[in-house]
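The values are calculated or read from the model by the stated rules, or taken from the named source; none is laboratory data. Bear in mind the structure is a predicted one, so any value in this text is a computation, not a measurement. So basically every Cβ, Gly included, is an ideal-geometry build from the backbone, and we count neighbours across all protein chains shown. The accessibility values were calculated without ligands, DNA or RNA, using every heavy atom of the protein model including side chains. Shrake-Rupley method; radii C 1.70, N 1.55, O 1.52, S 1.80 Å.
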Amino acid sequence: MKTKKWLAGFGVASMLFTGALAGCSSDETSKEGADGEKVEVTLAGWGGNPTEEKLLKQTIEDFEAKHPKIDVKLEVITEQYMDVIKTRLIGGEGPDVFYLDAFEAPGLIETGVIEPLDEYVTEDFDVEDFEKPLLEAFISEDKTYGFPKDYSTLALFYNKKMLADAGVEVPKTWEEFREASKKLTKDGQYGFGVAPELARQYWVAESLGGDVVKEDKANFASDEVVEALKPVIDMHNVDKSAVEAKEVGATWGGEIFGQQKAAMVIEGNWAIPFLADTFPDVEYGTAELPAINGEKSTMAYSVAYVMNAASEKKEASWELLSYLTGKEGMETWTSKGYALPTRKSVAEKLGYDKDELRGPLVAGASYATVWSEGSNLPIIVNNFNNQFMSAFLGDRPLEEALKEAEKQANSEIDSK
């Protein structure tokens, strides 16, 4: 098993931790809750908005009511979440159950600090109910290390009045999207508010059959990826129909859309409550992303609950984890629409699959590319973003920029 740099860097401490994992026997696990005593399970995650925090606390209270011998200690880590989690895991003080973003999952799974969950799963947990791409993001070598608690895909957000005034239909193909952006650009208004970063452009980059990551190394300078991304660059530098939010004094896509400086943006579920709270007068719709080369695609961003492999309270931890990602717990957690349920049955029960705004986001879950691609993705992302932006701003050709970024990324990966 490979060892991540952050784990190896602790030297003797890492060896002691590995020994602790090996010594975590079933005897220890079986003692939890002995003699009728309560078991305390620690649950760690990052903070959310007040509504999300209230929903999570309600879900935990419901769990505790159904499991009177288990108390849940909720720990909210507000800054540098992954650094704190990694440090605590190394020190033997990690939480029993914690959030893990799909982006970080491959690297942490690789170290062996996360408990495989397959042996805990019973038939009534209904694994088949999860959207397949979201579940697969937490599977490695046929072992399941987490169950996704929620997600968002990307959808096309469009200003209804702007499209109507310009006589533009909601674009269904990439070619239609580019033409619509041109027609919608006028008088300080842009057709497309774009986020020029790999997390948002990954689905475009791979739309012509290229691989951004190949054998866990950067591959984004390939002809197929460069060709796929070129229209994004040309919309900004040639058509002048696309703009980054910062170029017009906004901070992100939801804001530039709400300020009506862009007629269309590509955003996730998080934009819906933001627009309702901040720009309630904007009339807009959502649609699945325009097809490229005849194929539908989108991105998905997901977070799972995982179990600490060193936990001495595995049985109780699974009870908590399986409730939080089970149908009842997930329904409570996602009931206000701030997060989308990863279980198909819950999405249907809450009506999100038919919802006017959330329906296109839910529809994309079955074919989405999850933002997770090997343990070296963080290195690959940093190098891509730096150089892609230089091409986006017209400072250098796209092919040249991505070749330099790929070379640097793979050099950093080789030196790990």
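Contact map, the range 79-90: residues that are in contact (Cβ under 8 Å) with a residue 40 or more places away in the chain and of a type outside the set (Gly, Ala, Ser) paired with residues that are part of a helix (DSSP H, G or I) and surrounded by fewer than 19 Cβ atoms within 10 Å (Cβ to Cβ), Cβ distance under 9 Å, separation 6+ or inter-chain. Pairs shown: LYS86/TRP6; ILE90/TRP6; ILE90/ALA13; ILE90/SER14. Looking across the range 174-197 at every residue that is part of a helix (DSSP H, G or I) and of a type in the set (Phe, Trp, Tyr), the one that is nearest to LEU163 (Cα to Cα) is identified as PHE177.
Of the conditions (1) out of contact with any Asp or Glu (no Cβ under 6 Å at 6 or more places or on another chain); (2) hydrophobic (A, V, I, L, M, F, W, C); (3) not in a loop (DSSP other than H, G, I, E, B), VAL226 satisfies every one except a single condition; which number is it? In the conditions (1) out of contact with any Asp or Glu (no Cβ under 6 Å at 6 or more places or on another chain); (2) hydrophobic (A, V, I, L, M, F, W, C); (3) not in a loop (DSSP other than H, G, I, E, B), VAL226 misses (1) alone. Checked against the criterion of being open to solvent by 10 Å² or more (accessible area, probe 1.4 Å), more than 17 Å from GLU400 (Cα to Cα), at pLDDT 95 or above and within 27 Å of the chain's Cα centre (by Cα), the candidates LYS182, LYS240, LYS217, LYS230 yield just one match: LYS217.
Residues checked against (1) among the acidic types (Asp, Glu); (2) without any contact (Cβ under 8 Å) to a residue 40 or more places away in the chain; (3) over 30 Å from ASP124 (Cβ atoms):
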site: LYS354; (1), (2), (3): no, yes, no
site: LEU361; (1), (2), (3): no, no, no
site: ALA368; (1), (2), (3): no, no, no
site: LEU377; (1), (2), (3): no, no, yes
site: MET389; (1), (2), (3): no, no, yes
site: GLU399; (1), (2), (3): yes, no, yes
site: GLU404; (1), (2), (3): yes, yes, yes
site: GLN408; (1), (2), (3): no, yes, yes
site: SER411; (1), (2), (3): no, yes, yes
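Restricting attention to the range 97-108, does a residue exist that is assigned to a helix (DSSP H, G or I), loosely packed, with under 14 Cβ neighbours inside 10 Å and small (Gly, Ala, Ser)? Scanning the range 97-108 turns up no residue that is assigned to a helix (DSSP H, G or I), loosely packed, with under 14 Cβ neighbours inside 10 Å and small (Gly, Ala, Ser). The set of residues in the range 154-182 being touching a strand residue (DSSP E or B) at 6+ places or on another chain (Cβ under 7 Å) and under 17 Å from VAL238 (Cα atoms) consists of TRP174, ALA180, SER181, LYS182.
Criterion applied to GLU197, GLU247 was being within 18 Å of the chain's Cα centre (by Cα), surrounded by fewer than 19 Cβ atoms within 10 Å (Cβ to Cβ) and modelled with pLDDT of 95 or more, and the one residue passing it is GLU197.
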